[in-house]
Amino acid sequence: MSIKDVVALSGGVGGAKLALGLSRVVPSGSLTVIANTGDDFEHLGLSICPDIDTLTYALAGLDNPTLGWGRRDETWSFMESVKALGGEDWFRLGDRDLAVHVERTRRLRSGETLSQITTDFAAKLGIGARILPMSDDRVRTRVLSDGGWIDFQDYFVRQQCRPVVRALSFDGAPESRPAPGVMQALQTAGTIVICPSNPFISIEPILAVPGIRDAIRASGAPVVAVSPIIGGKAVKGPTAKMMAELGMEATALGVAQRYGNMISGYVVEHEDAASVAGIAARVTAAKTLMLSLEDRETLARVVLEAADALRR
Ligand code: GDP
């Protein structure tokens, strides 16, 4: 085990911010990011992997800072043309982004695995960190709302998180296997980081892949989570709304309770520190709101220092 080897579990937007910070402070080749694929879906005949792509674009410096998702310098001719034909336009695919989905879909159909394709795209885009899908097998997050079960992107994008969430399921997870490299990365990790991602729809699908939760527990490495909730609010997205609907306290404490004894370190915003003082994990108060690149790097250092403190 090398204390330099850092493994981060991540969803999309919130997770990718910290993953970028980690990629800039961890030695090249020592960072592995395990990405949620529960949000993946097939749309307009294409295989779309929102969290892998958000991570890839962020780590390659190709992310769109205005939209907060998708690619920089994007144009929308494809989408406009689909719309003019009466096609589905509720999930927006930019022209540059489209190239990734088309090429990934072609390669998947020719028999390559998602992890091979993800690794290759990352290399072609000059990313030093390793991005691994949690699994090459199909896992799909579904949402139970008052009208019944709906697909995740129907809930998240088409209905903009309006339905009340009664339960979540990760279809296919019980039969799925960790992607090649995932178990080895966890077994040899010096530090495991749970990024400030939505616990229910970004981190728990990863933990639902058989073997991953046990490998984290067995690794012996410090497991440091960063709260995605600041002052009772999500920075972006439905995390707080979802927690309340699932009968949990929508606070940094609620997130820590959800992770339970899996985490040994917990990084929260200064204002939330007092509220989590009683948890078993070692608490670090910091500025966890990442607005600038410097914020991302500083928080990454805080997380690594928290892990060091747990090792001492
Ligand atoms: P998604 O898959 O695109 O929804 O992205 P994630 O699950 O990775 O991230 C969503 C979560 O990130 C939300 O709960 C946000 O509150 C959280 N988040 C976004 N930006 C920040 C930030 O700068 N700091 C912290 N602490 N959390 C953030």
Problem - Acute angle (nearest 10 degrees) that the helix 50-60 long axis makes with the longest principal axis of the chain, alpha-carbon atoms - result: 70
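Roughly what % of DSSP beta bridges within the chain run antiparallel, to the nearest 5? Don't jump to the answer; show the numbers that get you there.
Values: 16 of 40 bridges.
Roughly 40 percent of the DSSP beta bridges within the chain come out antiparallel.
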Handout entry: Table column - 3J(HN,Hα) (Hz), region 300-312, Karplus curve with 6.51, -1.76, 1.60, x for Gly and Pro
Key = 4, 5, 4, 5, 5, 5, 4, 5, 4, 4, 6, 7, 6
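Based only on other Cβ atoms within 10 Å, what is the fewest-to-most ordering of ASP137, ASP73?
Values: ASP137 17, ASP73 9.
The fewest-first ordering by Cβ neighbours comes to ASP73, ASP137.
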Practice task
Quick one: compute the contact order of region 1-58, relative version, from alpha carbon pairs under 8 angstrom and 6+ residues apart, as a percent.
Solution key: 40
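So for each of 129-135, 61-67 I average, over its residues, the number of other beta carbons within 10 Å; can you give me the resulting order with the highest mean first? Write down the numbers at each step before the final one.
Working: 129-135: 25.3, 61-67: 14.3.
Descending mean neighbour count gives 129-135, 61-67.
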Exercise for the section: Can you give me the three principal axis dimensions of region 114-167 from its C-alpha atoms, in Å, biggest first? Expected result: 44, 21, 14
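FRET efficiency for GLN116 and MET262, Cβ-Cβ distance as r, R0 = 35 Å, nearest 0.05?
On the way: r = 29 Å, r/R0 = 0.84.
Efficiency for this residue pair is about 0.75.
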Practice task
Please check which bits of region 67-91 a label hung off GLU42 would reach, taking the label as a point 7 Å along Cα-to-C-beta and the cut-off as backbone N under 20 Å.
Solution key: 87-91
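Assuming 1.567 mPa s and 4 °C, estimate D for region 207-246 with Stokes-Einstein, Rh taken as the Kirkwood radius over Cα pairs, in µm²/s.
Details: Rh = 12.5 Å.
Value of D from the Cα-based Kirkwood radius: 104 µm²/s.
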Fill in the blank from the handout: Taking a crude spin-label model, label points 7 Å out from Cα along the C-beta direction, the GLN160 to LEU246 distance in nm is 2.4
Fill in the blank from the handout: Exposure-ranked with fewest Cβ neighbours within 10 Å first, MET242, MET262 stand as MET262, MET242
Problem - Between helix 95-109 and the chain: long-axis angle, C-alpha atoms, 0 to 90°, nearest 10 - result: 90
Fill in the blank from the handout: Taking Cα pairs closer than 8 Å and at least 6 residues apart, the relative contact order of region 119-240 in percent is 23
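Using the number of other C-beta atoms within 10 angstrom as an exposure proxy, rank CYS161, CYS49, CYS195 with the fewest first.
Numbers: CYS161 15, CYS49 23, CYS195 27.
Ordered by Cβ neighbours within 10 Å, fewest first: CYS161, CYS49, CYS195.
Which semi-axes, in whole Å and largest first, does the equivalent ellipsoid of region 234-281 have when worked out from the alpha carbon gyration tensor as the square roots of 5 times its eigenvalues? Write out the running numbers ahead of the final one.
Working: eigenvalues 68, 33, 17 Å².
Those come to 18, 13, 9 Å.
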Exercise for the section: May I ask you to compute the full-extension gain from ASP73 to SER292, defined as 0.36 nm times their residue separation minus their alpha-carbon distance, rounded to one decimal in nm? Expected result: 76.9 nm
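Report the calculated FRET efficiency for GLU103 and GLU175 (r = Cβ-Cβ distance, R0 = 25 Å), to the nearest 0.05.
Details: r = 28 Å, r/R0 = 1.10.
That pair, GLU103 with GLU175, gives E of 0.35.
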Fill in the blank from the handout: Note on the chain: contact order normalised by length, alpha-carbon pairs under 8 Å, 6 or more apart, percent, works out to 20
Problem - Helix 13-25 axis, angle to the chain major axis (alpha carbon atoms, nearest 10°) - result: 60
Fill in the blank from the handout: Per the chain, sqrt(5λ) over the Cα gyration tensor eigenvalues, sorted largest first, in Å, gives 29, 22, 19
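Filter LYS233/LYS287; LYS17/LYS124; LYS124/LYS236; LYS17/LYS241; LYS17/LYS236; LYS17/LYS287 down to the pairs with a C-alpha to C-alpha distance above 24 Å, please.
Numbers: LYS233/LYS287 15 Å; LYS17/LYS124 21 Å; LYS124/LYS236 30 Å; LYS17/LYS241 21 Å; LYS17/LYS236 12 Å; LYS17/LYS287 13 Å.
Too far apart for the 24 Å limit: LYS124/LYS236.
Bear in mind that the values in this text are calculations on the coordinates, not laboratory data. Since we're looking at a predicted model, the values are computed, not measured. Cβ: placed from backbone, ideal geometry, glycine included. Neighbour counts: every protein chain shown.
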